[in-house]
1. Looking at the stretch 182-191 only, could you name the residues that are part of a helix (DSSP H, G or I) and open to solvent by 20 Å² or more (accessible area, probe 1.4 Å)?
2. Pairs, please: C-beta under 8 Å, at least 6 apart or cross-chain, first residue within 20 Å of His312 (Cβ to Cβ) and in the stretch 256-277, second open to solvent by less than 50 Å² (accessible area, probe 1.4 Å) and of a type in the set (S, T, N, Q)?
3. List every residue pair whose Cβ atoms sit under 6 Å apart, with the two residues 6 or more apart in sequence or on different chains, where the first one lies in the stretch 313-325 and is farther than 15 Å from Glu361 by Cβ and the second, anywhere, is among the charged types (D, E, K, R) and open to solvent by 20 Å² or more (accessible area, probe 1.4 Å).
4. Please state which one of Ser323, Ser305, Ser316 is more than 30 Å from Gly207 (Cα to Cα) and touching a Gly at 6+ places or on another chain (Cβ under 9 Å).
5. How many of the residues making up the stretch 378-398 are β-branched (Val, Ile, Thr) and open to solvent by 60 Å² or more (accessible area, probe 1.4 Å)?
6. Those residues that are touching a residue at least 60 places away in the same chain (Cβ under 8 Å) and either aromatic (Phe, Trp, Tyr) or within 20 Å of Lys263 (Cα to Cα) (or both), I need them from the stretch 221-239; list them, please.
7. May I ask you to verify whether Leu145 is among the hydrophobic types (A, V, I, L, M, F, W, C) and at pLDDT below 95?
Amino acid sequence: MVLNQASIKWMQQGLQFHRAGDFSQAKLCYDRSLREQASNYETLQLYGALLHKAGQYEKAIDLLLASLSIEPNQAHVLNTLGNAYKALCNVNSAREKYDSAIQMKPDYADPYINLCQLLIQQEQLTDASAYLIEAFKHCPSNWQLLRLQGLLQKAQGSLALALKSVERAKELAPNQAVIFHDLALLLRMMGRSNEAISHYKQLLNLGYTSEVFFHNYANALSDVSQHDLALEYYSKALSINPTARDTLLNWCDLMWESGQGDKMFAAYEVAMKRDDIRPEVISDYIKKLLRTNNIEAARVVFSRSQDMFPAHPLTSVNRIALSCYTKTGAETIKLEDLSTQLKKICREPLVDLNDKLSCIEYALEKAAFETAYNELIWLQRSHPNDQWLLALLHTCQRVLPDKTYSFKDVENYVFEYQISPPSGSSLTEYLQALKVHLLSLHQSKEQPLEQTLHHGTQTRGNLFAKPHPLVAHIMSEYRQAVVAYKHALSKLPELYPGFWQEKPFTFSGSWSVALRQSGFHNNHIHPMGWLSSACYISLPDFDQSSNAGYFQVGIPNLANDGLGLPALKEVMPQEGKLVLFPSMLWHGTVPFKQNELRLSIACDIVYTDKEVKD
C-alpha cells in the first residue's frame with residue numbers, strides 16, 4: 001500500500017511528540033494523519049501503542065487490529081496487541097498474539113519476553129521453560145531473556161541457579177536498575193539480607209524510585225532489625241501508592257512491634273479516604289483492628305465498607321469476623337442464616353481460602369458442626385492438603401464422631417528427640433553459646449501482631465538461611481531428627497494423601513521465640529509445613545508439680561475454651577529436647593510464672609523435589 005505523504009508527515013510529527021512523552025500533542029497529530037489517510041496502518045499501530053501506554057487498552061486493541069487488517073505482516077504490532085490483551089487479563093488472547101508474533105519473526109525477542117513473563121505469572125512454568133529454550137536459540141545474548149530465566153528458576157525454587165542467571169544478565173546490562181532489584185530480591189530470599197540491602201543502596205544511588213522498590217527495601221531492612229529505616233521506606237512506598245495492600249500490612253505490623261501501637265493505623269486511615277481503595281484492604285484493616293481489640297473502631301470501618309461495597313462478598317466475611325468479637329449489633333449473624341451465608345462464601349472465587357476457613361471456625365464456635373463439616377468437605381476437593389483445613393476437619397472428627405475420617409490417634413505422630421552438641425563441646429556449653437547468639441537477634445519490643453505468642457518476641461527473617469555456625473549445627477540435628485521421625489513412625493497410617501513420601505525434605509521457615517514471665521503460645525497450626533517443631537534452648541526452672549510451660553497438642557484455637565476439647569498429649573520441655581509433629585496439629589503452650597526466659601527454635605519442614613545438601 002502506498003501511504004499518503006501528508007499522512008506520513010503528520011504521523012512523523014506525532015511520533016516525535018510520542019517519544020517525548022507529550023501524548024496529547026501526539027494524539028492530535030495521529031488524528032490528523034488518519035484524516036489524511038484512514039488506511040495508514042503505520043499511524044494506526046502507533047496510535048494503538050500510544051493508547052496502550054496511556055492505559056486505554058480497549059481503544060488500543062481496536063486500532064491495532066485495524067492496522068493488522070490492512071497489513072498483517074507486523075510482528076511488533078502483534079506483540080503490542082498481546083500486551084494490551086494481557087493488561088485486560090485476557091490471557092488466552094494475549095498468548096495467541098505473542099505466539100503469532102514469534103511464528104512470524106522467530107528472532108524477535110520481545111514476544112518471547114512478554115509471553116514468558118505471562119506464563120511465569122500464570123505459574124505455567126513448563127511452558128515458560130520451553131519458550132525460553134526456543135528464544136535462546138535465536139537470541140542467545142539477550143539480557144532480558146537471561147533475567148527471565150532467573151525469574152523462572154526462582155519460581156521453580158532453584159534460588160542459586162536463579163542468582164547465577166541474573167548475575168549473567170547483569171554482565172550484559174550492568175546499569176539496568178531492574179537487575180539490581182532482582183538480585184536484591186533473590187539475596188533476601190536466600191537469607192542474605194545485608195547483601196540485598198547493598199544492592200538496594202546502589203539503586204538509591206542511581207536515583208531509582210518506585211513503590212515496589214521502596215517496599216522491598218523496607219522488607220530487607222526489617223529482616224536485619226533496622227526498624228526505623230524500614231518504616232521510613234514503607235512510608236515512601238505508601239506516599240506513591242497509599243492503598244498498597246502488602247505495604248500497609250507490613251507497615252502496620254512493624255509499627256506494632258516497634259512499640260508504636262498508638263500510631264499503627266494512621267496509614268490505613270489515609271487509605272480509607274482514597275477512591276481507589278479495594279475491599280481487600282478494608283478487610284485487612286478490620287482484621288487488624290479486631291486483632292488489637294479495637295472493636296468499636298472495627299465496627300465504624302465495617303459500616304463505612306458496607307456503604308462503599310454493599311454487594312462485595314468480603315462484606316459478609318467481615319460481618320462474620322466482627323461477630324466473632326461481638327454478641328450484639330447490626331453485624332451479628334443469626335444462627336439460622338449462618339448455613340446459607342457460609343455456603344455462599346465458600347463457593348465465592350473472590351474470597352480466598354483463609355477467609356473461608358475463618359468463617360468456618362466461627363460456625364464451629366457457634367456449634368454449627370454439621371454446617372462447618374459440610375463446607376470443609378466441599379473445600380477439601382480443591383485443597384486436599386491444606387493444613388488449616390485439615391486441622392478443622394480433625395476438630396470436626398472430635399465433635400462429630402459418627403463421620404468418617406482418615407485421622408486416628410494423631411497424638412502418636414508427636415515425636416521427641418534429644419539433640420547432641422558439636423564435637424568437643426558439652427550440651428550445656430553449646431546451648432549457652434546458642435542462647436547468647438539467639439538473644440542478639442531478638443530486637444523487637446513487642447510480639448508479632450499476627451503470630452500466636454504472648455509476652456515475648458520472635459526473630460524476623462529466616463533463621464536457617466546463611467546460618468551462624470551455632471545455628472548450622474542445630475540444622476544438622478534437625479535433619480537427623482526428621483530422619484529418625486520417619487524411621488520410627490512411617491508405619492503409621494497417612495494422616496492425609498502425601499503425608500508419607502520418599503522425597504528429600506527442606507526447611508520452609510525458621511525462627512526463634514523468647515517468652516517472658518506469663519508467656520505462652522495460643523493454640524495454632526502451621527499452614528506452610530508438613531512437619532513443625534520446637535527445640536528448647538533455655539528454660540526457666542519450672543515447678544515440677546504442674547504443667548506450666550508444657551507443650552500440648554489437640555486443643556483447637558476456638559472460642560468456648562476450644563469447644564471444651566482436652567489436650568491429646570502434653571510434652572514436658574527440657575533443654576536440648578526437639579519435638580516434631582504434623583503441621584496440621586493444633587498445638588500451644590501452657591503459661592508459666594517464673595521470671596525467666598523460655599527460649600526455643602522452631603521451624604517448618606516440607607518435602608522438596610530437589611536434592612538437599614548440608
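The values are calculated or read from the model by the stated rules, or taken from the named source; none is laboratory data. Here the structure is a predicted model, which is why all the values come from computation and not from measurement. Cβ coordinates were reconstructed from backbone atoms using ideal geometry, including for glycine residues, and neighbour counts include every protein chain displayed. All accessible areas refer to the heavy atoms of the entire protein, side chains included, with ligands and DNA or RNA removed. Shrake-Rupley method; radii C 1.70, N 1.55, O 1.52, S 1.80 Å.
1. Across the stretch 182-191, the qualifying residues are Leu185, Arg188, Met189.
2. Matching pairs, first to second residue: Ala271/Thr243; Arg274/Thr243; Asp276/Thr243; Ile277/Thr243.
3. Pro313/Glu348
4. Answer to the selection: Ser323.
5. Of the residues in the stretch 378-398, 0 are β-branched (Val, Ile, Thr) and open to solvent by 60 Å² or more (accessible area, probe 1.4 Å).
6. Ser222, Ser225, His227
7. no
Results for (1) hydrophobic (A, V, I, L, M, F, W, C); (2) buried (at least 22 other Cβ atoms within 10 Å of the Cβ); (3) closer than 23 Å to Tyr108 by Cα; (4) within 19 Å of the chain's Cα centre (by Cα), shown as yes or no for each residue.
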| site | (1), (2), (3), (4) |
| --- | --- |
| His138 | no, no, yes, no |
| Gly157 | no, no, no, yes |
| Val166 | yes, yes, yes, no |
| Gln202 | no, no, no, no |
| Ser222 | no, yes, no, yes |
| Ser235 | no, no, no, no |
